[in-house]
1. When the Karplus curve 6.51 cos²θ - 1.76 cosθ + 1.60 is applied with θ = phi - 60°, which whole-Hz ³J(HN,Hα) does each residue of the stretch 85-97 get, with x for Gly and Pro?
2. Whose amide H sits under 5 Å from the amide H of Tyr72, counting only residues 5 or more places off or on another chain, with H placed in the peptide plane?
3. Pick out which of Thr233, Thr272, Thr260 has the largest mean-square fluctuation in a Gaussian network model of the chain, springs linking Cα atoms closer than 10 Å.
4. Count the net charge of all other residues whose Cβ sits under 11 Å from the Cβ of Met5, scoring Lys and Arg as +1 and Asp and Glu as -1.
5. Please give the contour-minus-distance gain from Gln27 to Glu133: 0.36 nm per residue of separation, less the Cα-Cα distance, rounded to one decimal in nm.
6. Which lysines have a Cα lying under 16 Å from the Cα of Lys88, excluding residues fewer than 8 positions away in the same chain?
7. Rounded, prolate or oblate: which fits the stretch 1-119, taking a ≥ b ≥ c as square roots of the Cα gyration tensor eigenvalues, rounded meaning a/c under 1.5, else prolate when a/b beats b/c?
8. So how much slack lies between Ser326 and Ser240, counting 0.36 nm per residue of separation and subtracting their Cα-Cα distance, in nm?
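Derivation of every value follows stated rules applied to the coordinates shown; laboratory data play no part. Remember, predicted model here, so these are calculated numbers, not experimental data. Every residue, glycine among them, receives a Cβ derived from its backbone with ideal geometry; neighbour counts consider all protein chains shown.
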Amino acid sequence: MSLAMGKKEILNWLRETDAERLKNLWQRADETRRAHVGDAVHLRGLVEVSNFCARQCMYCGLRAGNVNLARYRMLADEIVEAAQQAVKFGYGTVVLQGGEDYGITTSWMTDIIRRIKNETPLAVTLSLGERTEKELLAWRAAGADRYLLRFETSDRNLFEEIHPPLGNRACDRLAILRQLKKIGYEVGSGVMVGIPGQTYASLANDIALFRELDLDMIGIGPFIPHPATPLGTGMRFFPSVNGEQVPNTELMVYKTVALTRLVRPDANIPATTALATINKKNGRELGLQRGANVFMPNLTPLKYRRLYEIYPAKACVAETGDACNSCLSMRISAIGRHIGSGAGGRRDRKMTPVLPAEKEFCHA
Ligand code: SAH
């Protein structure tokens, strides 16, 4: 097993069922994680700023078609307050995430970013969907440091199927990721594991793509069916994949996390909330012991939190920021790791050369 692991080898690992051999994979991932990013676990405070969404993604409970969901957009003051809470807890980063909400205007978000950058030492990460180049430039100029946009699956046909375009604006998330990099953001992406229609070969391609893209952060979580979505009700199904369907299991997520660590030794890889949702007892710990080095504690005010239902039964949905914070500190020290200081960006360590060639950006 090496960094130069080919797709065939990745595929074999994804199909591996022998517990002893898998133990070897966990060990290699853990050693690689320790050698390249150390024992620090970096905490990013997650603020779910809005659950309005213009999109109709077949997997996500925030989809516009889910008319039974009460919608909210946090007030600017509430967002800045949540960022101040991140400072109080010693986090280095705040992540402002939301549905693709065009009620979030360029100037409104610009002001919020400026306020957070002026009033706190935090790195600011945005995760607001496929916004225009003009917006991305304005927010970067206001001080936003990072942007998260998962490509969800590298299988172009499957992506188009589960993520319909908005009006006539066909979009290419890989092109947006390159554009974000060019604008000067640290860039995060990732995938869901076990999307209906996702084959082993396409998940192996996802991991190979992680190696090619110069990503600072790679988020990997299980697909969790939401009953108010076409993929959650089984209304959309993919008989053509036959026995090649990737299961949306905990084990598949660990394999994907471990292999991702091996192909991208210095990336920031979170143990995701979705992983914690399918194993509330110790999914996060196992993620951290099989390649991950980041946690994203939730700082969304309690009154909004249950409404940010991208999938059901989300972990920590009834806990305050305070409760999340002390729970995470305990979990991290119980596995012999420590909380990282500072913003914990990849640039704070060392840079890896940019590999991909620049391509046209798809936005008007
Ligand atoms: N609107 C933003 C943020 C979306 S929520 C965007 O599109 O980028 C962040 C991530 O949650 C998504 O990228 C997706 O990978 C994940 N997600 C959405 N629905 C999910 C589901 N049903 N199960 C698991 N993960 C899901």
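1. Taking θ as phi minus 60°, the curve returns 5, 4, 5, 4, 7, x, 6, x, 9, 10, 10, 9, 10 Hz for the stretch 85-97.
2. Correct list: Asn51, Phe52.
3. Thr233
4. Counting the neighbours of Met5, the net charge comes to +3.
5. 34.0 nm
6. Lys117
7. Judged from the Cα gyration tensor, the stretch 1-119 comes out oblate (a/c at least 1.5, b/c at or above a/b).
8. 26.3 nm is the gain from fully extending Ser326 to Ser240.
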